[in-house]
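Everything below concerns the one structure shown next.
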Amino acid sequence: MESHDWTLEHIPAADREPYLRRGRGLAFVIGPMRGGTTLLRKIIDAHPRLTSPAETWFLLPLLGMWSGRGEAGAYPPKQAAAAIQSHLTQQRFIEACRAFAGSFFASTLPEQSAVFVDKTPPYMDLADTLPVLFPDARFLVLCRDPRGTLWSRVSWKHTQPEPMAKTIEGVARHIQIQASFAKKWADRSMLVGYERLCAEPADEAARVCEFLGVERHDAMVEYGGVEHHEGYGDENSRRHTRPHADSLRRWEGKLPETAQAELARRCTPEALATLGHDDLIAAIQRAA
């Protein structure tokens, strides 16, 4: 489907829900926690024909009803899943999820917007489910140097203390998810460079616009001049009005080379190369 035919540009607001059920005019950011997803979503949200609100989260409990995974204080999830499965086939359940999601996205998409971009980092664990659930959706794989993501998680004021090795394991797992997704769903996704978004925001934002089927809008890099829906997400973005390069290499001099090498090893050279992190591969070679 051509980009200009994929948006909801000429579809009245009252008629959009069936299209959103299958993912037309719907995009997802595939990016990890502390990976720059809030910056990307605010830049996108500053475009007059794009909407990217705060994290939605609803797909986690919705899809979890079938698997029985997760936590619920009032009932045992696995028992609830068994009850649902006694009434619906998996295909009918998927159709019900599409109906709910289509209603959710349609009811929160402003009439003047042509595309809804969902930025919810926990959806990383649903990465391979999303393209099946929404066969017409598109995906922005946000690639940040994993050393930056690691340092951001370690130094974040809300982080619960844990061994460095465990944090490294979590960052590496997300890198592997992203790399696998980028290969498997290459025809429906594009790689967005976090570092390019900070250093060359207008050009990187223009690439995103082209992929989403809307015109370039350089003013979107001044995202602070637009009112955004606020909720879950990085509160640091509220202190700035545009992208900046100050956060790009904060890990330098703070992350030991041994930690960098272990991170690179766990990410694997193949996954790093897929996502364009060739310089981190050198850390493995130096430590060898």
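Structure above, values below:
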quantity: Filtered residue count, the stretch 192-208, keeping only those that are of a type in the set (G, A, S) and in a strand (DSSP E or B); calculated: 1
quantity: Failed item in (1) under 30 Å from G253 (Cα atoms); (2) loosely packed, with under 13 Cβ neighbours inside 10 Å; (3) of a type outside the set (S, T, N, Q); (4) modelled with pLDDT of 95 or more, with H158 passing the rest; calculated: (4)
quantity: Number of the exception - R249 against (1) under 20 Å from the mean Cα position of the chain (by Cα); (2) at pLDDT below 90; calculated: (1)
quantity: Only listed residue being out of contact with any strand residue (DSSP E or B) (no Cβ under 7 Å at 6 or more places or on another chain) and farther than 24 Å from G225 by Cβ, chosen from G35, G68; calculated: G68
quantity: Any chance R34 is at positive phi, charged (D, E, K, R) and under 15 Å from the mean Cα position of the chain (by Cα); calculated: yes
quantity: Leading residue by the ranking (nearest to the chain's Cα centre (by Cα)) among those in the stretch 86-110 that are more than 17 Å from L8 (Cα to Cα) and of a type in the set (G, A, S); calculated: A99
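Residues are listed down the side, and each one gets a yes or a no for (1) loosely packed, with under 14 Cβ neighbours inside 10 Å; (2) in contact with a strand residue (DSSP E or B) (Cβ under 6 Å, 6 or more places away or on another chain); (3) within 22 Å of H229 (Cα to Cα):
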residue: I11; (1), (2), (3): no, no, no
residue: R22; (1), (2), (3): no, no, no
residue: S52; (1), (2), (3): no, yes, yes
residue: A80; (1), (2), (3): no, no, no
residue: S86; (1), (2), (3): yes, no, no
residue: A96; (1), (2), (3): no, no, no
residue: Q112; (1), (2), (3): yes, no, yes
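The values are calculated or read from the model by the stated rules, or taken from the named source; none is laboratory data. Predicted model only: the values in this text are computed from it and were never measured. A quick note on method: Cβ atoms are made from the backbone with ideal geometry, for glycine too, and the neighbour counts reach across all protein chains shown.
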